[in-house]
1. Considering only residues of region 1-16 that are part of a helix (DSSP H, G or I) and exposed (fewer than 10 other Cβ atoms within 10 Å of the Cβ), which is modelled with the highest pLDDT?
2. Which of (1) basic (Lys, Arg); (2) exposed (fewer than 12 other Cβ atoms within 10 Å of the Cβ); (3) more than 31 Å from the chain's Cα centre (by Cα) does Lys68 not meet, given it meets every other one?
3. Given the conditions (1) under 27 Å from Phe26 (Cα atoms); (2) surrounded by fewer than 11 Cβ atoms within 10 Å (Cβ to Cβ), which single one is not true for Leu41?
4. Against the conditions (1) surrounded by 10 or more Cβ atoms within 10 Å (Cβ to Cβ); (2) more than 30 Å from Asn29 (Cα to Cα), where does Gln110 fall short? Just the number, please.
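The values are calculated or read from the model by the stated rules, or taken from the named source; none is laboratory data. Computed from a prediction, not measured in an experiment: that's the story for all the values here. All Cβ positions, glycine included, derive from the backbone under ideal geometry; neighbour counts span all protein chains shown.
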Amino acid sequence: MTDNATPIATLLEKAEIYSNSTIELFKLNAIDKTADVVSSLASRFAIFTMVALSLITVNIGFALWVGKLLGDSFYGFFVIGGFYAVLAMLLHVFRHQWIKYPISNSLIKQMLKQKIIAI
């Protein structure tokens, strides 16, 4: 049995197979990157939540202790509140340098990270 397909038809068929494979590879790479970023964000969020709950508990205890030293418990909460107000102002001033750029760079680095696949 002989193959009656012309070379152009064969070439077009192989080009179609190649383009379908390329699109499928692009989809799989996009899924991989998305899963990597989402899982990383989820784990960081879980850690952030635990640290935040711990800090809230420690801050309440510290505010009560400072209030006891100052003579009334609400003084301690004012001191702690003032400390966080100053910290919030510093974060607002340096938000790009301390928060935006590091997070952007981390996300870009994760998105551009190449996985080595051994065949």
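1. Applying the filter and picking the extreme gives Ile8.
2. Status for Lys68: all satisfied but (2).
3. That leaves (2) as the condition not met.
4. (2)
This table checks each residue for (1) surrounded by 10 or more Cβ atoms within 10 Å (Cβ to Cβ); (2) without any contact (Cβ under 8 Å) to a residue 40 or more places away in the chain; (3) among the small types (Gly, Ala, Ser).
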residue	(1), (2), (3)
Ala30	yes, yes, yes
Lys33	yes, no, no
Ala46	yes, yes, yes
Thr49	yes, yes, no
Phe62	yes, yes, no
Asp72	yes, yes, no
Phe94	yes, yes, no
Tyr101	yes, yes, no
Ser106	yes, yes, yes
